[in-house]
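Every number here is computed from the coordinates shown, using simple stated rules; none is lab data. None of these values were measured; they are calculated from a predicted model. Ideal geometry is used to build each Cβ from the backbone, glycine not excepted, and the neighbour counts take in all protein chains shown.
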Amino acid sequence: MAYWDPNEHEMILANDEVGHDTIIHEMTHAHNDLILGGGLDDRTDEGMAYAMQSFYQLTLLLAANEKLTQKQGCDYRFIHGWWQNFWKMYGHMPSDPGWGTGRTNGRLGGGKFDVDRNDFNNIKKAFGLNLSCKEIAAVINQILQDKKCCFRVTCSGETFPCQDDCWGQISAGFAIDSIFQ
Ligand SMILES: [Zn+2]
C-alpha cells in the first residue's frame with residue numbers, strides 16, 4: 001500500500017514491496033499536488049492517477065507483444081490473437097480487464113468510477129501521453145514489413161488472412177473509441 005500525503009507533500013509506503021503501478025498512481029497525485037498546485041477535485045485527481053496506472057500496465061503488455069512479434073515473425077494466428085485482445089482491453093472504456101475501475105477517496109473506501117474521456121484528456125494535457133492505434137499499428141506494421149509478412153494490422157475494417165498474391169489484414173476487431181484512434 002502507498003499513498004500521497006498532500007499535507008506533508010510526501011509519499012507514504014507501507015513496505016518496500018509496493019508495485020510499480022501503485023508508484024505511478026501515487027506519482028500522479030504527487031505531480032498534481034506539486035506541479036499543478038493541488039486543488040483538483042478528488043474525482044479528477046483519482047481519474048488521472050488510475051488512467052496513468054493502467055497506462056503503465058498497457059505499456060508492459062504492449063512491449064511484451066511487440067517483442068514476441070519480433071521473435072515470432074509472420075505468425076498470423078498469434079498476431080491476430082494479441083492485436084484484437086489488446087484493443088478489446090484498451091480500445092474503449094469502460095473495460096475490465098483494461099482500464100478497470102477507479103475509486104474516489106480510495107483509502108476510505110469511496111465510490112467506484114470508470115476512467116473516462118476527461119481523464120484521458122487530463123493526462124494528455126499534463127503528460128503529453130495518449131494512446132493511438134494508428135501509431136502503434138505503424139510500429140507493428142514496420143516489423144511485419146521488415147519480416148516480409150503478407151499481412152498487416154489495422155485499426156478498422158475487415159480481418160482476413162493472406163491468400164495467394166493477396167494481402168491479409170487484421171483489424172482491431174471492433175470500433176475503437178475516437179480518442180484512441
Ligand atoms: Zn489515488
Can you tell me which residue within segment 80-106, out of those that are under 15 Å from the mean Cα position of the chain (by Cα) and in contact (Cβ under 8 Å) with a residue 60 or more places away in the chain, is nearest to the ligand (Cβ to nearest atom)?
-> M93
Using the structure shown, decide if L62 is closer than 30 Å to D146 by Cα and more than 12 Å from the ligand (Cβ to nearest atom).
-> yes
What do you reckon, is W82 surrounded by 15 or more Cβ atoms within 10 Å (Cβ to Cβ) and within 19 Å of R43 (Cβ to Cβ)?
-> no
Of the residues in segment 32-45, those that are crowded, with 17+ Cβ neighbours inside 10 Å, touching a helix residue (DSSP H, G or I) at 6+ places or on another chain (Cβ under 7 Å) and not polar (S, T, N, Q) number 1
Output yes when any residue across segment 139-150 is outside any loop (DSSP other than H, G, I, E, B) and within 15 Å of the chain's Cα centre (by Cα), and no when none is.
-> no
Segment 107-132, residues that are in contact with a helix residue (DSSP H, G or I) (Cβ under 6 Å, 6 or more places away or on another chain) and either without any contact (Cβ under 8 Å) to a residue 40 or more places away in the chain or closer than 29 Å to H80 by Cα (or both) | V115, R117, F120, L129, N130, L131
Any chance you could count how many residues in segment 109-123 are closer than 11 Å to M93 by Cα and of a type in the set (V, I, T)?
-> 1
So is S54 within 15 Å of the ligand (Cβ to nearest atom), surrounded by 12 or more Cβ atoms within 10 Å (Cβ to Cβ) and either among the polar types (S, T, N, Q) or without any contact (Cβ under 8 Å) to a residue 12 or more places away in the chain (or both) or not?
-> yes
